[in-house]
Amino acid sequence: MIFSRLVRVAATSLSSTVAPSVSSPRNVSFSSAAARNRNFNSPTNRSGNELYRRISPVGDPRVSIVPILDSWIEEGRSVAKQQLVSYIKELRYYGRHYHALEISKWMTDKRHLDLTSRDAAMRLDLIARVNGIKQAEQYFDGLSGQLEGINTYGALVNCYCRAQSVEKAEEIMQKMRDLGIANSILTYNTMLGLYHRVENKEKFDALVKEIDDSGISFDAMTYNILISSYGAVLDVNGMEQILIRMKSNPDVNPDWAVYNNAATIYRKSGMKKKAIEMLEKAEGLITKKKDIQAYYYLITNYAAMGEKSRVVGVWELFKKNGKVLNKGYMDVISSLLKLEDFETAEKIFDEWESQNLSYDVRIPNILIGAYSRSGLMEKAETMVERVIKKAGEPHANSWLNLAIGYLKLGQTYKAMETMKRAVNGSKSGWRPDPRALEDFLGQLKETGVCLEEVKELIQLLTDTNVVPVTVGDRFLMNLPLNGVNA
């Protein structure tokens, strides 16, 4: 039987092969291959790209890139400040804040280069992300002269807004007003975004009025935030008034995100035709390779409306216009499976495997979950076998999905054994999807399995901290004893 073979293969591979760690989608996409295609604007472009190619593969933030920078100088090479700043921006874009901060500090500590106020603002933001808001405040307090101005004040406001520290953000914003430097729409956008997230409509509306009264022009981000605010309450009329105002502003060139946002609101309001019109506009505004995030949103939005042909169309456009990485494959496969198009999803999965990208076990697990929910257990088992051959022991969620599938088919023994394998083979700190675990435990109640076996499984879940003891106790208390064999 396939199940028996799976257990044997997994047991053999577990001792010899460790499943690779999975980086976040943004970090995965930051590869040396991608770096070779970048074109940094610098007088030392060719030399600078060579240094960048040395830096880019170091994806682990625990590994310092300072030795690479030092070695570059020891080789008698030089690097322009403009080049270093471009590296910082690129690393920030891909979420590699620790390495970006290292370069920023290396610029001044080792190369003794002067910072502009923009450089200081970037460093402040990076310190907050890497070391926390307290150290960012200390850095800000130590600034003086030309480094103390609209850029660094704005960066501090942004840090507080990201942390949802409303009072501190308002305090710095007021100081900017007092100093006469509250004249950037960027800072106002940051505050608007904060009020939107904390759902303070009164302050949100008051700030919009302040922007209007001060004569500061809205930009595309302002309109996007306003659209989001109306979308939160599905106020289509209000949103459409914002769209009209945006179109009448000749200084604003809306990007794809504005129209995707509007499309989402139309979709949630049941206005499919208008939603598709907005997505088509968004599609026409994807102009840069860095706009790959746009394809993710378009694919998921079209899928939510059941537009399979449009999902596939955007996917083909995605592949044509840029390098597709793991995040893209995850989104399109997941979207197609929601539309029950297993055939196309499987073809794209095969395509992903052929690309030899970093093996992200979340991608096959999407298929394993879909197969299991649909009762296609032979396909689910075969997919687990493929994962074992490629990456060793599958992720615990793969086993959990199989266990749920077995329960749905009334194969209680297989389900229990597979769930035990999920727990025993999981890495420390594994927290299963609460809905999936609830689904499994809920079905387990109805199977008539021996009460002692259920207790044994719950004990395993709590002993390994997969679920809190209180959750396990609550489950046992709620067992329908008349439906479980004592």
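All of (1) surrounded by fewer than 17 Cβ atoms within 10 Å (Cβ to Cβ); (2) part of a helix (DSSP H, G or I) hold for K427 with one exception: (2). When L336 is tested against (1) under 20 Å from the mean Cα position of the chain (by Cα); (2) of a type in the set (A, V, I, L, M); (3) more than 30 Å from A391 (Cα to Cα), only condition (3) is not met.
With a requirement of 2 or more residues that are surrounded by fewer than 16 Cβ atoms within 10 Å (Cβ to Cβ), the helices (runs of 4 or more DSSP H) lying completely within the range 245-306 that satisfy it span 272-284. Taking the range 95-112 as the range and being outside any loop (DSSP other than H, G, I, E, B), closer than 13 Å to L84 by Cα and not aromatic (F, W, Y) as the test, the residues that pass are H99, A100, L101, E102, I103, S104, K105, M107, T108. Of the residues examined, Y160 is not one that is in contact with a Phe, Trp or Tyr (Cβ under 6 Å, 6 or more places away or on another chain) and under 30 Å from R245 (Cβ atoms).
Which one is farthest from the chain's Cα centre (by Cα), of the residues in the range 164-181 that are within 14 Å of L192 (Cα to Cα) and hydrophobic (A, V, I, L, M, F, W, C)? Checked the range 164-181; the qualifying residue farthest from the chain's Cα centre (by Cα) is M173.
The residues of the range 340-368 that are within 22 Å of A403 (Cβ to Cβ), touching a residue at least 40 places away in the same chain (Cβ under 8 Å) and either of a type in the set (S, T, Y) or in a helix (DSSP H, G or I) (or both) amount to a single one, R362. Being closer than 22 Å to S428 by Cα and not polar (S, T, N, Q) is a property that holds for R362.
Exactly one residue out of H112, H99 is under 18 Å from S56 (Cβ atoms) and either in contact with a Pro (Cβ under 9 Å, 6 or more places away or on another chain) or free of Cβ contacts under 8 Å to residues at least 12 places away in the same chain (or both), and it is H99. Answer yes if at least one residue in the range 469-477 is surrounded by 13 or more Cβ atoms within 10 Å (Cβ to Cβ) and either at pLDDT 80 or above or on the phi > 0 side of the Ramachandran plot (or both), and no otherwise. Looking through the range 469-477, at least one residue is surrounded by 13 or more Cβ atoms within 10 Å (Cβ to Cβ) and either at pLDDT 80 or above or on the phi > 0 side of the Ramachandran plot (or both). Restricting G410, G429, G425 to residues that are within 31 Å of the chain's Cα centre (by Cα) and under 21 Å from M377 (Cβ atoms) narrows the list to G425.
For the range 392-400, the criterion of being aliphatic (A, V, I, L, M), closer than 25 Å to S335 by Cβ and without any contact (Cβ under 8 Å) to a residue 60 or more places away in the chain is met by at least one residue.
How many residues does the range 412-444 hold that are aromatic (F, W, Y) and at pLDDT below 80?
The number of residues fulfilling the criteria is 0.
Of the residues E50, E90, the single one that is assigned to a helix (DSSP H, G or I) and buried (at least 17 other Cβ atoms within 10 Å of the Cβ) is E90. For the range 374-421, taking the residues that are polar (S, T, N, Q) and not in a helix (DSSP H, G or I), the one that is surrounded by the fewest Cβ atoms within 10 Å (Cβ to Cβ) is identified as S374.
When you scan the range 318-333, do you find a residue that is in contact with an Asp or Glu (Cβ under 8 Å, 6 or more places away or on another chain) and in contact (Cβ under 8 Å) with a residue 60 or more places away in the chain, even just one? Yes, the range 318-333 has at least one match.
Out of L317, L337, one residue alone is in a helix (DSSP H, G or I), in contact with a helix residue (DSSP H, G or I) (Cβ under 8 Å, 6 or more places away or on another chain) and surrounded by fewer than 18 Cβ atoms within 10 Å (Cβ to Cβ). It is L317. K281 meets the stated requirement of being over 24 Å from L337 (Cβ atoms), of a type in the set (K, R) and touching a residue at least 12 places away in the same chain (Cβ under 8 Å).
The values are calculated or read from the model by the stated rules, or taken from the named source; none is laboratory data. Please read all numbers here as calculations on a predicted model, not as lab measurements. All Cβ positions, glycine included, derive from the backbone under ideal geometry; neighbour counts span all protein chains shown.
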